[in-house]
1. Can you compute the FRET efficiency between Thr96 and Arg196 using 1/(1 + (r/R0)^6), with r the Cβ-Cβ distance and R0 = 25 Å? Round to the nearest 0.05.
2. Which of Thr248, Thr148, Thr49 comes first, and how do the rest follow, when ranked by fewest Cβ neighbours within 10 Å?
3. Only four residue types carry charge here, +1 at the Cβ of Lys and Arg and -1 at the Cβ of Asp and Glu. Report the dipole size of the chain about the Cα centre in Debye, rounded to the nearest 20.
4. Got the relative contact order for the chain handy, in percent, Cα pairs under 8 Å and 6 or more residues apart?
5. Anything in the chain that counts as a DSSP H helix reaching 27 Å or more along its axis (C-alpha) with Kyte-Doolittle mean of at least -1.0? List them, would you?
6. Calculate for the chain the 222 nm mean residue ellipticity that helices alone would give, adding -39,500 (n - 2.57) per DSSP H run of length 4 or more and normalising by residue count, nearest 500 deg cm²/dmol.
7. Of Phe243, Thr224, Leu109, whose Cα points farthest to the positive end of the dipole of the chain (charges on the beta-carbon: +1 Lys, Arg; -1 Asp, Glu; origin at the Cα centre)?
8. Along the charge dipole of the chain, which of Ser135, Val193, Leu84 sits closest to the positive end, that is, farthest toward it, with unit charges on the beta carbon of Lys, Arg, Asp and Glu (+1, +1, -1, -1)?
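Laboratory data are not the source of any read-out in this text; all were calculated from the coordinates shown. Treat the numbers as computed from the prediction; the structure is a model and nothing was measured. Using ideal geometry, Cβ is built from the backbone for each residue, glycine included, and neighbour counts are taken over all protein chains shown.
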Amino acid sequence: MSLATDSRRSPSTASSPLRRGRIPAGFVVLAALGVALVALPLLGLVLRTPWSRIGEILASETALTALRLSLIVATTSAAISFVLGFPLAWVLVRGTFPGKTLVRAVVILPLVMPPVVAGVGLLAAFGRRSGLVGSWLYDWFGIQLTFTTAAAVLAATFVSFPLAVLALEAGLRGLDERLEDAAATLGASRWYVLRRVTVPLMGPQIAAALVLSWARALGEFGATITFAGNLQGRTQTLPLAVFEQLQTDTDAAFAVSMLLIFLAFAVILGLRGRFLR
C-alpha cells in the first residue's frame, strides 16, 4: 500500500512548480540587477585603479601612516567591543530586569544612526568645552579626547559595538545551557565553567564578533571626521585619506580604496566562509 502511495505521489512531486531549482524568470532578472548594483561600482573601481602606480602610491608616507593608524584603531576598537560587549550580551540574554528591551534598543541604535549624527553625539558627550563628560575630564585631569587618536578609537567603537553585542547574543542564545549545568553539578565554579565550557563553545561567535567589529571600525568615516577630525598621523584613517585624496589626486584615492576592499575581502575569508555559504 505504501509503495502504491509513493508511486502516486512521486509524479506530482516531480512536476510541482515550487520544487527546488525552478526559479521564476522575474526573480532571475531582479537578482541579476541586485548583483549588478553591487558589482558595477566594484568593477568601475578596479578599472579606474592605476595598477602601474599602485605600489608607489601605497608605499607613500600618507598611505602607510593611514594604514598603520587604521589597524591600530580597528584592533583597539574590536578589543574594547569584546571586553564590554560580552558581559552586556550576557546580561541581555540571561538577565531579567525592568527596561531590558529599552536597553537593548539603545545599544543597537548606532547601527541605524547616521554616522555624522553619531559624531555630533560624541562631541556632545566628550567635547572639551561643553561635553557632558569631556568638559569634566579636561577641567579636572587635563584630558582632551577630541582630535586625538583616542577619539578615533572611541568613534570607531561607538559604531562597531552593536555588531559585537549582536554576534555574542546569538552565541549565548544558541548555547546548550545543559552543558554548563552539568559542569556546575560536577563541582566546577562559575568562573571555571565560563572559562572552560562557555567561552570554548562560543568560539565561532566570539571570532565573528571580533572580526565584524574590526571590519566596521576599519571602514568608519562619518563619526571619526566629525569627532576626531582629519589630522594626518593622528586621526586620519584610510577612509579619511581616501576622502582627502579624492579632492587632489584621484589615482591615489582609487588605489587606497582598493586597499580597503582587499582588507574587507580578507575579513570575509577570515570568517571561514560564514557569509559565503
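1. My answer for the efficiency is 0.45.
2. Listing Thr248, Thr148, Thr49 from fewest to most nearby Cβ atoms yields Thr248, Thr148, Thr49.
3. With only Lys, Arg, Asp and Glu charged at Cβ, the dipole is about 980 debye.
4. Here the relative contact order equals 27 percent.
5. The qualifying helices are 25-48, 61-94, 149-173, 250-270.
6. Helix contribution divided over all residues of the chain: -22500 deg cm²/dmol.
7. It is Leu109.
8. Result: Val193.
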